[in-house]
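Only one structure is covered here, and it is reproduced in the block below.
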Amino acid sequence: LRELYEQVGRDAARFFYTMRKNDQHLDFDLELATRQTKDNPVYYVQYAHARVCSMAKRAVERGFAKPEPADVDLGLLVEVEERQLMSELAHFPDAVHNAATTSSPHVLAQYLRDLATALHGWYDAHRALVDDVPLRNARMALADATRMVLANGLGLLGVSAPESM
């Protein structure tokens, strides 16, 4: 295991081990685990977290204040990708509960991959740092909620949530 950690890194090893049910056969793809592409599931999830952190950093650089929860109108989030992302976020407590009560960390790993997919789809379809302040605040709140869930989920699996990649 130590050699595997040295070869692919702690995060990849942990995530790959948690992706399968404990009674399933695991073929550990060393080449995939070391790739820095969307094909590598741990990289894909960590990149989603780093992407949101990068967006928040750009917002600060542009002088945009982090919105206060009371200043956010989530009703402005009407785009399909925004609704999908919010729906995915709402499943986090259930994913954690199911993973914990059934001793099935693969449930959480799959949830994080699904959340990363929703985040990347939203990010690619819509700009968050728009001139419309209420819409920007709503989108930044959505992005920050996603960042927090990704960080918490990765933390539960013992995987880091890098702020840049």
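Quick check: convex hull over the Cα atoms of the chain, volume per residue in Å³, rounded to an integer?
116 Å³
Could you work out the local net charge near residue 49, counting Lys and Arg as +1, Asp and Glu as -1, over the other residues with Cβ closer than 11 Å to its Cβ?
Every neighbour counted, the sum reads +1.
Express the carbon and sulfur contribution to the solvent-accessible surface of segment 1-138 as a percent, rounded to the nearest whole number, probe 1.4 angstrom.
Accessible surface attributable to carbon and sulfur in segment 1-138 totals 49 percent.
Can you pull the semi-axes for segment 41-84, root of five times each eigenvalue of the Cα gyration tensor, sorted largest first, whole Å?
22, 18, 8
What ranking of 136, 127 comes out by heavy-atom accessible area, probe 1.4 Å, highest first?
127, 136
Averaged per residue, what accessible area in Å² does segment 66-165 show with a 1.4 Å probe, protein chains only?
It amounts to 51 Å² per residue over segment 66-165.
When all protein chains stay in place, what accessible area (Å², nearest 10, 1.4 Å probe) is found for residue 102?
Surface accessible to solvent at residue 102 totals approximately 80 Å².
The values are calculated or read from the model by the stated rules, or taken from the named source; none is laboratory data. Remember, predicted model here, so these are calculated numbers, not experimental data. Note that each Cβ is placed from the backbone with ideal geometry, even for glycine, and that neighbours are counted across all protein chains shown. For accessibility, only protein heavy atoms count, side chains too; no ligands or nucleic acids. Shrake-Rupley method; radii C 1.70, N 1.55, O 1.52, S 1.80 Å.
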